[in-house]
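Visitor: Supplied in structure tokens, the structure appears directly below.
The values are calculated or read from the model by the stated rules, or taken from the named source; none is laboratory data. All of these numbers come straight from a predicted model, not from anything done at the bench. FYI the Cβ positions are ideal-geometry reconstructions off the backbone, even for glycines, and counts take in every protein chain you see. For accessibility, only protein heavy atoms count, side chains too; no ligands or nucleic acids. Shrake-Rupley method; radii C 1.70, N 1.55, O 1.52, S 1.80 Å.
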Amino acid sequence: MKELDLIVPNPTGLHARPAKVFVNTAKKFKADIRVQHGAKTVNAKSVISVLTLGVETGGQIRLVVDGPDEDEALATLKEAVESGLGDELSHGAPVADKTNGRPAAPQVGLDGRMLKGIPGAGGIAIGPLYQYRPATVEVASGAAASPAEEQARLQTAIAAARTELTTLHQQVQQRIGAEEAAIFEAHLAILDDPDLFAAASDAINSGQNAGQGWQAAVESTAAALAKVKDELLAARAVDIRDVGQRVLRALTGAAAAGPALPDDPIILIAADLTPSDTVTLDPNRVLGFCTAAGGANGHTAILARALGLPAIVGAGEAVLTLDNSTPAILNGDTGTLTLSPTEPELAQASASQQAQRQRGAAQLAAAQEPAITTDGHRVEVVANIGNLAEARQALQFGAEGVGLLRTEFLFLERDTPPTEDEQFEVYRDIALALAGQPVIIRTLDIGGDKPLPYLTLPAEENPFLGQRGIRLCLARPDLLRTQLRAILRAAAFGPLRIMFPMVTTLEDWRAARQMVTEIRAELNAPAVEVGIMVEVPAAALLAPAFAVEVDFFSIGTNDLTQYTLAMDRTNPAVAGQADGLNPAVLHLIERTVQASHAAGKWTGVCGELAANPQAVPILVGLGVDELSASVPAVPAVKAQVRELALTAAKSVASQALACATAAEVHRVTGTTPP
Ligand code: PEP
Ligand code: MG
């Protein structure tokens, strides 16, 4: 038996998604694995049990591992926990609200006509209130058949719920995005949770019918979770009840979920909404919603933001007493619900609503126009994508190509690397979807905060400084060869470009480029542009030497910031100060751009900074040729470039370079630091 103490670095603790990664990693091993936190010890292979620990950020857990593969299990789990369990921690993990799970007491203003909750999703809705009381499935208390028959009924219902959730997951992935769809992956994990099933089985064996047994197991688990101090984890009780109801519906043949609503559009009020309810809300009937419970980081709020539905959460029980049909203004930016608004209040709200809509619609309508500054300087605006669905959306949102395809997404969530043919098909389909626009395919960027369990890499003390990105691929040329063959075969279907991540030395670059040259000759493939990510300060400092040999640079400001400032992007203690507008980072960007232009090459930025409204003028002023942003951000980035004058942008950029601190840069741009 082996033990190990670890600290959970995720800013939101061991919440649903990292817990799922943790449990899936644990499940790969034969050994019995227990996790201890405070006085409680649970099975590491049960998501729900792990969630009930309520581990907050910086919390300590003890792993107790017993079995034939205990050493490997311990090393793998250590690495997985320390590298963030798949959380992109520095990518603006949502800021936890301060209410710690309890609905905020509504602040009542305007003579009792204004209720205040937590801003859940931006935007303004004006309309009558409608109280939604979800119908819960009643469990019959009738006599049970034999335990074996009741177990079989439960298994069948769980299988039906699994099919529904798998379909929902696919639909949400296509309609909204992979990140939001992950909520339903978490639901699938709950459905397959061994401890939940064991509790239901025990109840059935003691004489309850399948519905009663399942209901009892779900309720006691949800109640245990709801008690956890942490807001995010307490919110998971909603997910467990949501999954519980889905199985009960399958057991009883009750109609599918989804609020039954009046025909005329309303502002929906509810005690809480499940993620399943939220994705099935019809935007033609629901103008916005306000829930008594919930927090800004709950899945319901995340989905509302992705759906563009104004929302207030955590508004307190008082909202449940409001009368149906009361006219109201819901402001999702401020978290206020104004009841029976006066004429001037209505006029002001509709003016702001109008302005917001016009801005969004104008940006989208103009999305296909090029991004040219008022004084005639063009900036390419392209998209960061992770899969084919996003490639299809990219063009609709005005992207002029793909600036970064993160291919590691093809390698995650599976047990073996994708084959050459599998990869070829994805790259080919993405090239075809982009209809002749260029696509930069980044080769596998594994390591650092993106572990790949099936590669069984040695655990590293400092994975961000270890075998990451191109270093790993050069150490595992089989992986890189397969990927390069797939890309070069797909290059016959559209202008693909190859980009290597984490390049630090000229030797790395030359070895990688050599492989491209050899494989291209082998396949008689078309010529492709080959470039590097500039995300390590060494690459920026040596940019003049690299610029002679590469076709282009793309600056990965997420990593360039962490490596320049020596601030681990996954360590919450420092991630907050890891500001890409720090002048040290800006000097490296300037150096890179200058070097590329001197050699007749071009430079893009594909880190988060490219979509940051404070950074866009500086990047344009520094001479960055291409900005690559997440798909939904593309129209706004293009709109911002069109409002800029290059001369003004250059002046802001040179003022920023003259600053000594990030705070001074923010003053120059007229904004406050994050
Ligand atoms: C970056 O580092 O800025 C980048 C775009 O790559 P990733 O975030 O995938 O490391
Ligand atoms: Mg990077």
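Visitor: Is region 539-674 rounded, prolate or oblate when judged by the Cα gyration tensor, a ≥ b ≥ c being the square roots of its eigenvalues, rounded requiring a/c under 1.5 and prolate requiring a/b larger than b/c?
Guide: Numbers: a/c = 1.38, a/b = 1.10, b/c = 1.25.
In terms of gyration-tensor shape, rounded.
Visitor: What percent does the relative contact order of region 147-252 come to when contacts are Cα pairs within less than 8 Å and at least six residues apart? Let's see the in-between values first.
Guide: Working: 110 pairs, mean separation 32.2, N = 106.
Dividing the mean separation by the residue count of region 147-252 yields 30 percent.
Visitor: For GLU518 and ALA75, what is the calculated FRET efficiency with R₀ set at 45 Å and r taken between the beta-carbons, to the nearest 0.05? Show your work: numbers first, answer last.
Guide: Values: r = 35 Å, r/R0 = 0.78.
So the FRET efficiency works out to roughly 0.80.
Visitor: Pulled fully out, how much extra length does the chain show between GLN170 and ASP5, if you take 0.36 nm times their separation in residues and subtract their Cα-Cα distance?
Guide: Numbers: separation 165, 0.36 × 165 = 59.40 nm, distance 3.76 nm.
Full extension from GLN170 to ASP5 adds 55.6 nm.
Visitor: How large is the dipole of the chain about the Cα centre if only Lys and Arg carry +1 and Asp and Glu carry -1, each at its Cβ, rounded to the nearest 20 debye?
Guide: Working: 53 positive and 76 negative charges, 114 e Å.
About 540 debye.
Visitor: Next up: Is the shape of region 2-89 rounded, prolate or oblate, going by the alpha carbon gyration tensor and its root eigenvalues a ≥ b ≥ c, with a/c under 1.5 for rounded and a/b larger than b/c for prolate? Walk me through the numbers before you get to the answer.
Guide: Working: a/c = 1.57, a/b = 1.35, b/c = 1.16.
Verdict is prolate for region 2-89.
Visitor: Would you kindly derive the ³J(HN,Hα) couplings of region 130-139 from the backbone phi angles with the Karplus curve 6.51 cos²θ - 1.76 cosθ + 1.60 (θ = phi - 60°), listing them in order in whole Hz, with x for Gly and Pro?
Guide: Going residue by residue, I get 9, 7, 9, 10, x, 7, 9, 6, 7, 9 Hz, with x marking Gly and Pro.
Visitor: Out of LEU268, ALA182, THR647, whose Cα points farthest toward the positive end of the dipole of the chain (charges: +1 Lys, Arg; -1 Asp, Glu; placed on Cβ)?
Guide: THR647
Visitor: Short version: what are the Cα gyration tensor semi-axes of the chain, square root of 5 times each eigenvalue, largest first, in whole Å? List each step's numbers first, then the result.
Guide: On the way: eigenvalues 359, 226, 106 Å².
Equivalent ellipsoid semi-axes, largest first: 42, 34, 23 Å.
Visitor: On to the next question. Provide the per residue accessible area, probe 1.4 Å, for the chain, rounded to a whole number of square angstrom.
Guide: 40
Visitor: Further, regarding this structure: Once you put a point 7 Å from the Cα of ASP264 and another 7 Å from the Cα of LEU432, both along the Cβ direction, what distance in nm separates them?
Guide: 4.9
Visitor: Mind checking which of ALA224, ILE33, THR661 is farthest towards the positive end of the chain's charge dipole, using Cβ charges of +1 (Lys, Arg) and -1 (Asp, Glu) about the Cα centre?
Guide: THR661
Visitor: A further question on this structure: Order of 18-27, 545-554 by packing, highest average Cβ count within 10 Å first?
Guide: On the way: 18-27: 22.1, 545-554: 20.6.
Ranking the peptides 18-27, 545-554 by packing returns 18-27, 545-554.
Visitor: Got a sec to turn the phi values of region 317-322 into Karplus ³J(HN,Hα) couplings, 6.51 cos²θ - 1.76 cosθ + 1.60 with θ = phi - 60°, whole Hz, x for Gly and Pro?
Guide: Per residue, the Karplus-derived 3J(HN,Hα) values read 4, 4, 5, 6, 9, 6 Hz.
Visitor: Now for a different question. Compute the relative contact order of the chain as a whole-number percentage, counting only Cα pairs closer than 8 Å that sit 6 or more residues apart in sequence. Walk me through the numbers on the way to the answer.
Guide: Numbers: 1404 pairs, mean separation 85.3, N = 674.
Value for the chain: 13 percent.
Visitor: Kindly state, to the nearest 0.05, the FRET efficiency for THR156 paired with ALA566, given R0 = 45 Å and r defined as their beta-carbon distance.
Guide: Details: r = 56 Å, r/R0 = 1.23.
With R0 = 45 Å, the Cβ-Cβ based efficiency is 0.20.
Visitor: Under 5 Å between amide hydrogens, which residues at least 5 positions from VAL402 or on another chain qualify, with H placed 1.01 Å from N in the peptide plane?
Guide: Correct list: ALA383, VAL439, ILE440.
Visitor: To the nearest 0.05, how large is the calculated FRET efficiency for ALA347 and SER651 if R₀ is 56 Å and r is the Cβ-Cβ distance?
Guide: Numbers: r = 39 Å, r/R0 = 0.70.
Efficiency, rounded to the nearest 0.05: 0.90.
Visitor: Let me ask something else about it. Run the accessible area of region 2-89 with a 1.4 Å probe and give the carbon-and-sulfur part as a rounded percent.
Guide: The computed percentage sits at 49.
Visitor: Now a separate question. Of LYS601/LYS650; LYS601/LYS638; LYS40/LYS78; LYS40/LYS116, which pairs sit farther than 29 Å apart, going by alpha carbon to alpha carbon? Show your work: numbers first, answer last.
Guide: On the way: LYS601/LYS650 20 Å; LYS601/LYS638 22 Å; LYS40/LYS78 20 Å; LYS40/LYS116 37 Å.
Beyond 29 Å between Cα atoms: LYS40/LYS116.
Visitor: Using θ = phi - 60° and the Karplus relation 6.51 cos²θ - 1.76 cosθ + 1.60, list the HN-Hα couplings for region 118-129 in order, rounded to whole Hz, with x at every Gly or Pro.
Guide: Calculated HN-Hα couplings, in order: 9, x, x, 8, x, x, 10, 10, 10, x, x, 7 Hz.
Visitor: Next question. Shape verdict for region 147-252, please, from the Cα gyration tensor: rounded (a/c under 1.5), prolate (a/b greater than b/c) or oblate. Let's see the in-between values first.
Guide: Details: a/c = 2.82, a/b = 1.34, b/c = 2.10.
Cα axes put region 147-252 in the oblate bin.
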